[in-house]
Structure formats: structure tokens, C-alpha cells
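First up is the structure itself, then whatever we jot down about it.
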Amino acid sequence: MTTIVLVRKKNDVVVAGDGQVSMGNTVIKSTAKKVRRIEKRDVVAGFAGSTADALTLFERLESKLEKHAGNLSRSAVELAKDWRTDKYLRRLEALMAVADKEKSFIISGTGDVLEPEGDVIGIGSGGNYALAAAKVLMDTDMSAEEVAKKAIKVASDICVFTNNNLNIEKV
């Protein structure tokens, strides 16, 4: 389980994730990196699900971005279609939060590509806690990064599958 929060505030876009990897009720690792940047395309993504699945989906997203000249909307739709129809991928139960400078999306294995209302996304076991905290903090003078950090902190205080070892990527 994991917690990913994506915050879009002013001209900044930040994706933050915790570092905890759990198996059942045991913490296996506390410093996993669940947030990645696709440098060539100025896209950031966070993943809630298993590590092997995350790496596969990040690679697929990167190839879709290459194929569609960096068009995140088109790439997200194409990834969701593959995810839903591919025999291997459709078994994955996961979510991705992805963003570039203009758009943010939640991508799911059921074929959903959702653009959030507002400027915050929260996914994973602690996603709802982080989402609620970030929505409240958006009305403050805090930066996007400060909002994301505080939102993960709040989630880590409530969700047993979330810790406060942050990975942050910005666009």
C-alpha cells in the first residue's frame, strides 16, 4: 500500500509519495521510490500498487509519450486502453497519478483516465487522507511542495500503510 498526492498550485506541479512497502501487516521497506520523473517529456508520475507493476507501467507510459510526441492526454488514454485490454496488464490492480505543466490525470487499470476537479489528486491506501489535507491546505500561502509534504505527513499519522519518508518530483 502507499500514498501518493499530486498538487498543482500557481505554476508548480508536485507529486509526492511515501516510502513504505508492506506485505500484509509487515513493513518490508521504508524507503521505496514510488514517484518518477520522465525527463524527456517533463512529466511526473506516482504509482500505488506493486513495485514490479509500477516499473512496467512507467515504461509503458514513457513509450506512449514518445509515440505521441509528449501529448500526455493522448498517452494516458492509450496507456489506459492497453492496461484494460492486455492479458498481462489487466490483472494489475493499481492507480497512477500523472501530470505535466498543463494537465493532471488519474489512470486506472479499468480504463479510467480522470482529470480531477480542483488541483489535487490523492491515491493509494492513505490517498483520501492526503487528498483531504491537501484540499484544506490549498487555501493557505504554502507552496505546492509544502502542501504535498504536509498532506503526506497527515496521511502517515493516520494510515498504517503510509510512512513519512518522502519522494518528491516537480515539473
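The values are calculated or read from the model by the stated rules, or taken from the named source; none is laboratory data. Everything numeric in this text was worked out from a predicted model, so none of it was measured. Ideal geometry is used to build each Cβ from the backbone, glycine not excepted, and the neighbour counts take in all protein chains shown.
Count, please, the residues in segment 77-134 that happen to be in contact with a Lys or Arg (Cβ under 9 Å, 6 or more places away or on another chain), among the small types (Gly, Ala, Ser), within 17 Å of Leu61 (Cβ to Cβ) and at pLDDT 95 or above.
2
Among the residues of segment 60-79, are any in contact with an Asp or Glu (Cβ under 6 Å, 6 or more places away or on another chain) and within 26 Å of Asp12 (Cα to Cα)?
If we filter segment 60-79 for residues that are in contact with an Asp or Glu (Cβ under 6 Å, 6 or more places away or on another chain), which is where we start, we get 64, 72.
Checking which are within 26 Å of Asp12 (Cα to Cα) leaves us with 64, 72.
Within segment 60-79, one or more residues are in contact with an Asp or Glu (Cβ under 6 Å, 6 or more places away or on another chain) and within 26 Å of Asp12 (Cα to Cα).
In segment 147-160, what residues are in contact with a strand residue (DSSP E or B) (Cβ under 9 Å, 6 or more places away or on another chain) and surrounded by fewer than 24 Cβ atoms within 10 Å (Cβ to Cβ)? Steps first, please.
Initially, segment 147-160 is screened for residues in contact with a strand residue (DSSP E or B) (Cβ under 9 Å, 6 or more places away or on another chain), giving 147-149, 151-152, 155-156, 159-160.
Matches in segment 147-160: Lys149, Ser156, Cys159, Val160.
Restricting to segment 15-42, give me the number of residues that are at pLDDT 85 or above, among the basic types (Lys, Arg) and in contact with a helix residue (DSSP H, G or I) (Cβ under 8 Å, 6 or more places away or on another chain).
Total satisfying the criteria: 2.
Output the strands (runs of 3 or more DSSP E) that fall wholly within segment 1-58 and possess 1 or more residues being surrounded by 16 or more Cβ atoms within 10 Å (Cβ to Cβ), or say none.
Details: elements: 3-9, 12-17, 21-23, 26-29, 35-38, 43-48.
In segment 1-58, the matching strands (runs of 3 or more DSSP E) lie at 3-9, 12-17, 21-23, 35-38, 43-48.
Residues are listed down the side, and each one gets a yes or a no for (1) within 17 Å of Asp53 (Cα to Cα); (2) touching a residue at least 12 places away in the same chain (Cβ under 8 Å); (3) not small (Gly, Ala, Ser):
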position	(1), (2), (3)
Leu89	yes, yes, yes
Leu92	yes, yes, yes
Met96	yes, yes, yes
Ser108	yes, yes, no
Val120	no, yes, yes
Tyr129	no, yes, yes
Met138	no, yes, yes
Asp141	no, no, yes
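Does segment 107-128 contain at least one residue that is among the hydroxyl-bearing types (Ser, Thr, Tyr), within 20 Å of Lys9 (Cβ to Cβ) and crowded, with 16+ Cβ neighbours inside 10 Å?
If we filter segment 107-128 for residues that are among the hydroxyl-bearing types (Ser, Thr, Tyr), which is where we start, we get 108, 110, 125.
Filter again for within 20 Å of Lys9 (Cβ to Cβ), leaving none.
No, that holds for no residue.
Of the numbered conditions (1) within 17 Å of Val43 (Cβ to Cβ); (2) in contact with a helix residue (DSSP H, G or I) (Cβ under 9 Å, 6 or more places away or on another chain); (3) among the acidic types (Asp, Glu), Glu169 satisfies every one except a single condition; which is it?
(2)
Among the residues of segment 87-129, write down those that are assigned to a helix (DSSP H, G or I) and among the hydroxyl-bearing types (Ser, Thr, Tyr). Working first, answer last.
Filtering segment 87-129 down to residues assigned to a helix (DSSP H, G or I) leaves 89-91, 127-129.
Within segment 87-129, just Tyr129 meets the criteria.
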